[in-house]
Amino acid sequence: MRDGLGVGLAVGVSGFAYGAAAVTAGLSAAQACMLSLLAFTGASQFALAGVVGGGGGLVAGTLGAVLLGGRNALYGLRLADVLRVRGVRRVLTAHVVIDETTAVATAQPDRASARTGFFTTGLTLYATWNATTLLGALGAARLGDPERYGLDVLGPAVFLALLWPRLTAGRAEARVAAAAAVIAIAATPLLPSGVPVMLAATATLAGFLPTRRRRAEDPQDPQDPADTPDTGGTGGTRGTEAGGGS
Amino acid sequence: MNVWIAVIVTGLGCYALKFGGLVMPQRILDDPRVRRFTELVPVALLTALIAVQTLAADGPSLELDAPRLAGLGAAVGALLLRAPFLVVLAVAAAVAAGLRLAGL
């Protein structure tokens, strides 16, 4: 229960930060709120707001934001067996399958408390996130320059906090992160905003570099990422950049 | 593309992924490569977002904004000390705001 409250408070504050950031980036208050109601997944919302603020390609920005929501599909896969919902309830339940509800549900010792934790957290967060988005969006106009309060660093800090546990999970993660950073930074001066982040998704290939075990097992597999060394992957990406820029 | 369209498509796309995960047959996770891919894509995207939003100036160029970098550095420090989510955000914003107040 206390976990739930802590999570709720954290989400409330970041909802406020999102609302303020979105309006600062150039979304209207209505657009900021609509995104919270419909998308209800913070990282994607911050990402789209960032692209709008950067005056960049909305198509690529939208794709990037949606791709970022792909992790929720994985949570759904994991939770389906715990929640066991059908019909209309499943349609509604799907909307609150996010980082926080998954974290709470998977931290419970048994299925009953996992379900309780999931739905309590989900309903509370949906209410909190949307209410604080509205407050943040309306408050942003009165704040003045958001950089004065360091609000411009909130977006990256949110992403960093979400990334942290994954980054420390293994070497492949660190390799993917490094490759993604290089691709995104190299592409930023060349391409419309939003596109570099999309391109950086190809850095995922760096996570499939050969491990000794796999190479020994199936050396001839044509799909084996062992055939795509790190440098080759980056080179391939550069090629895509040139094509995308024309 | 109009911002409204981007907002609505992002919303629908994000919902579709959540729903898709719930209804997908569990056995697709049996393939370790699929599982690995779903774990690694967020790592790539989040890192790219951090890099771009930290270094991007207005328009398609890079800039080193000292207070913003310091704020993010402070967030790293807070995470290393296992600070809770909220504290990480507060520390990052406070450091960036403090340095700007100091005229950096």
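The values are calculated or read from the model by the stated rules, or taken from the named source; none is laboratory data. Just so it is clear, the model here is predicted, and its values are computed rather than measured. Counting neighbours? That spans all protein chains shown, and the Cβs are built from the backbone with ideal geometry, glycine included.
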Q. Does A:ALA157 qualify as being buried (at least 24 other Cβ atoms within 10 Å of the Cβ) and farther than 20 Å from A:ASP99 by Cα?
A. no
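To keep it simple, each residue is scored yes or no on (1) within 7 Å of chain B (Cβ to nearest Cβ); (2) closer than 25 Å to A:VAL197 by Cβ; (3) not in a helix (DSSP H, G or I).
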position: A:MET34; (1), (2), (3): yes, yes, no
position: A:ALA47; (1), (2), (3): yes, yes, no
position: A:GLY50; (1), (2), (3): yes, yes, no
position: A:GLY76; (1), (2), (3): yes, yes, no
position: A:ALA80; (1), (2), (3): yes, no, no
position: A:LEU123; (1), (2), (3): no, no, no
position: A:ALA127; (1), (2), (3): no, no, no
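Which residues, counting only those in the range B:47-104, are basic (Lys, Arg) and under 27 Å from A:GLY64 (Cα atoms)? Spell out the reasoning first.
The initial filter retains those residues of the range B:47-104 that are basic (Lys, Arg), namely B:68, B:82, B:100.
The answer is B:ARG68, and nothing else.
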Q | Among the candidates A:VAL97, A:VAL104, A:VAL59, A:VAL91, residue that is in contact with a helix residue (DSSP H, G or I) (Cβ under 6 Å, 6 or more places away or on another chain) and modelled with pLDDT of 85 or more | A | A:VAL97
Q) Among the numbered criteria (1) surrounded by 17 or more Cβ atoms within 10 Å (Cβ to Cβ); (2) modelled with pLDDT under 85, which single criterion is violated by A:PRO210? A) (1)
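Could you tell me whether any residue of the range A:80-95 is under 26 Å from B:GLU39 (Cα atoms) and of a type in the set (Asp, Glu)?
We begin by selecting, within the range A:80-95, every residue under 26 Å from B:GLU39 (Cα atoms); these are A:80-85, A:90-95.
Filter again for of a type in the set (Asp, Glu), leaving A:81.
Among the residues of the range A:80-95, at least one is under 26 Å from B:GLU39 (Cα atoms) and of a type in the set (Asp, Glu), which makes the answer yes.
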Q: Of the numbered conditions (1) modelled with pLDDT of 90 or more; (2) in the same structural domain as A:VAL13 (by TED's automatic domain parsing); (3) under 21 Å from the mean Cα position of the chain (by Cα), A:ALA178 fails exactly one; give the number of that condition.
A: (2)
Q: Go through the range A:79-95 and give me each residue that's surrounded by fewer than 21 Cβ atoms within 10 Å (Cβ to Cβ) and within 13 Å of B:ALA16 (Cα to Cα).
A: A:ARG90, A:VAL91, A:LEU92, A:HIS95
Q | Qualifying position, being farther than 20 Å from A:VAL158 by Cβ and buried (at least 19 other Cβ atoms within 10 Å of the Cβ), among A:GLY61, A:GLY56, A:GLY50, A:GLY76 | A | A:GLY76
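Within chain B, which helices (runs of 4 or more DSSP H) (wholly inside it) include 1 or more residues that are more than 7 Å from every other protein chain (Cβ to nearest Cβ), among the basic types (Lys, Arg) and closer than 25 Å to A:ALA174 by Cβ?
Numbers: elements: B:3-23, B:32-55, B:66-80, B:85-101.
Of the helices (runs of 4 or more DSSP H) lying wholly inside chain B, those with at least 1 residues that are more than 7 Å from every other protein chain (Cβ to nearest Cβ), among the basic types (Lys, Arg) and closer than 25 Å to A:ALA174 by Cβ span B:32-55.
Being farther than 16 Å from A:THR128 by Cα and among the hydroxyl-bearing types (Ser, Thr, Tyr) is the filter; apply it to the range A:86-103 and report the residue that is nearest to the other protein chains (Cβ to nearest Cβ). Please lay out each step first, then the result.
Let us first name the residues in the range A:86-103 that are farther than 16 Å from A:THR128 by Cα, namely A:86-94, A:102-103.
Still in the list and also among the hydroxyl-bearing types (Ser, Thr, Tyr): A:93, A:102.
Values: A:THR93: 7, A:THR102: 10 Å.
Checked the range A:86-103; the qualifying residue nearest to the other protein chains (Cβ to nearest Cβ) is A:THR93.
Taking A:LEU27, is it in a loop (DSSP other than H, G, I, E, B), buried (at least 21 other Cβ atoms within 10 Å of the Cβ) and facing chain B (nearest Cβ under 7 Å)? Outline the logic, then answer.
On the way: in a loop (DSSP other than H, G, I, E, B): yes; buried (at least 21 other Cβ atoms within 10 Å of the Cβ): yes; facing chain B (nearest Cβ under 7 Å): yes.
When the stated conditions are applied, A:LEU27 passes them.
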